[in-house]
Each structure stands twice: as structure tokens, then as C-alpha cells.
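Coordinate-derived values only; no laboratory data. Source: prediction; values computed, not measured. In this analysis, Cβ positions are derived from the backbone assuming ideal geometry, glycine residues included, and neighbour counts consider all displayed protein chains.
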Amino acid sequence: MNRRDLYRFGTIALGSVAALVLAVPGVAYLLDPLRRKSKQGDFAPLARLSELQVGVPKVVSVIEERQDAWVRYPKEPVGSVWLIRQPERSKAPVIAFTTTCPHLGCAINLSADGKSFYCPCHTSRFDFSGKRLNDIPPRAMDSLEVKLSTDGDPWILVKYQRFRSQTEEKVPLA
Ligand code: FES
């Protein structure tokens, strides 16, 4: 190898290293949003246990920070949940249902007498365990996973999800 070849080889090698140094962070930057885990579907603190009375449903909003591949949006309400505290020694201290009606997606309210859930769109009715009280909805209310934090007055942590409407099966939406 003569001096000119050595010079050419050195230039190519240095150029390749420089290109690599610039390319690695660039590729990492472009791929980063795709690697980041979405916040949706995580357990979110919705209320303190002490805020609920046994057997009395309370509706709470779910606030989430949405994020797509490259944009992070400000926190905003994405849905709401019915929480019902259960009597002591029940299997679960609190049960939660999405307020979205499994019939066609309207919001489920309390009935006028406050003794059941009622959807005003097509009169679906449910009891406080989420069971159907008429044949209008295709399935029971959609229950959500609940955990309690371990503080003195625990937070009720709920995994908020959406489900397909008009199906007998409870099918989570991505
Ligand atoms: S959407 Fe609730 S009854 Fe139809």
C-alpha cells in the first residue's frame, strides 16, 4: 500500500466513523416514539376509598395524557367510570364499570329512583353488579380491573379500557 492509498483509506475510514456517529442518534431519535409505552391502559388513581359509601355508586372522570407516535397531547377526560364500594369481607372492596353502554355506546346514568343503572338512549337497565335487567343490551356492563394502593386511605386504581359495543362477548378495543 503506497502513501496515496493509505491517505485514501484513512479518509474513507474517518468519514465512515463520522457518518456512524451522526446516524446512530438520528435513528434513535426517529424510533424513540415507537418504543415508548403508551400510558393508556395503565392503572390510574380515580378516588380515595374514603370518598365512597358502601353500595352507593359514584361516577368519576378518567383523565389521561394521550400520546401518538410523535405528539404528546395535554391531559384531558377520555371517559368515566362507575365505582361502587362493596361491604366489608366482600371478595373485592370496590368494583368498577365503564359508563359506556355495551349496546351502542351512550353514557350509562343512574335511574331516576337511584336503584339501578339506566341508559337513556334505548332504555338499557343494569343492577349495581352490572347485570342486565332487560334484553336491550347485548351483555352486562363492562367491568374494569381495580386495585387499591397501600396508603392509609387507599387510592382506588382502575385500569380504564374501552370495549366493542353490540357484541355478547366483552372484546377490548386496542
Ligand atoms: S346505547 Fe345504551 S341503550 Fe342503546
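Using a simple spin-label model with points 7 Å from Cα along the Cα→Cβ vector, what separation in nm is obtained for residue 69 and residue 174?
Going by the 7 Å Cα→Cβ label model, 1.3 nm.
Can you find, among 110, 126, 69, the residue farthest towards the positive end of the dipole of the range 43-159? Put +1 on the C-beta of Lys and Arg, -1 on that of Asp and Glu.
Final value for the positive-end residue is 126.
Under a Cβ-Cβ cut-off of 15 Å, what is the net charge of the residues other than residue 48 that fall near it, where Lys and Arg count +1 and Asp and Glu count -1?
That sum, taken over residues with Cβ under 15 Å, equals 0.
Once amide H atoms are placed 1.01 Å from N in the peptide plane, what residues at a sequence separation of 5 or more from residue 64, or on another chain, have their amide H within under 5 Å of its amide H?
Amide H neighbours of residue 64: 76, 78.
Show the residues, 5+ positions off or on another chain, whose built amide H is closer than 5 Å to the amide H of residue 44.
Amide H neighbours of residue 44, under 5 Å, 5+ apart: 158, 159, 160.
Mind listing the phi-derived Karplus ³J(HN,Hα) values for the range 148-160, rounded to whole Hz, using 6.51, -1.76 and 1.60 with θ = phi - 60°, and x for any glycine or proline?
Each residue of the range 148-160 in turn: 10, 6, 9, 6, x, 9, x, 7, 8, 9, 10, 8, 7 Hz.
Just how large is the dipole of the range 43-159 about the Cα centre, in debye to the nearest 20, putting +1 at every Lys and Arg Cβ and -1 at every Asp and Glu Cβ?
So the dipole magnitude of the range 43-159 works out to roughly 240 debye.
For residue 89 and residue 8 in the same chain, what is the full-extension length gain: residue separation times 0.36 nm, less their Cα-Cα distance, in nm?
21.1 nm
What are the ³J(HN,Hα) couplings of the range 117-126, residue after residue, when phi is run through the Karplus curve with 6.51, -1.76, 1.60 and θ = phi - 60°? Round to Hz, x for glycine and proline.
8, 9, 9, x, 5, 9, 6, 5, 10, 9
Bin width 10 Å, origin at 0, all Cα-Cα pairs of the range 43-159: what percent of pairs per bin?
The percentages, shortest bin first, are 14, 41, 31, 13, 1.
What ³J(HN,Hα) values, in whole Hz, does the Karplus curve 6.51 cos²θ - 1.76 cosθ + 1.60 give for the range 69-81 when θ = phi - 60°, with x put for Gly and Pro?
Values, residue by residue: 4, 10, 10, 9, 8, x, 4, 7, x, 10, x, 8, 9 Hz.
Return the long-range amide H neighbours of residue 163 (sequence gap of 5 or more, or a different chain), with a cut-off of under 5 Å between placed amide H atoms.
For residue 163, whose amide H was placed from the backbone, the distant partners under 5 Å are 173.
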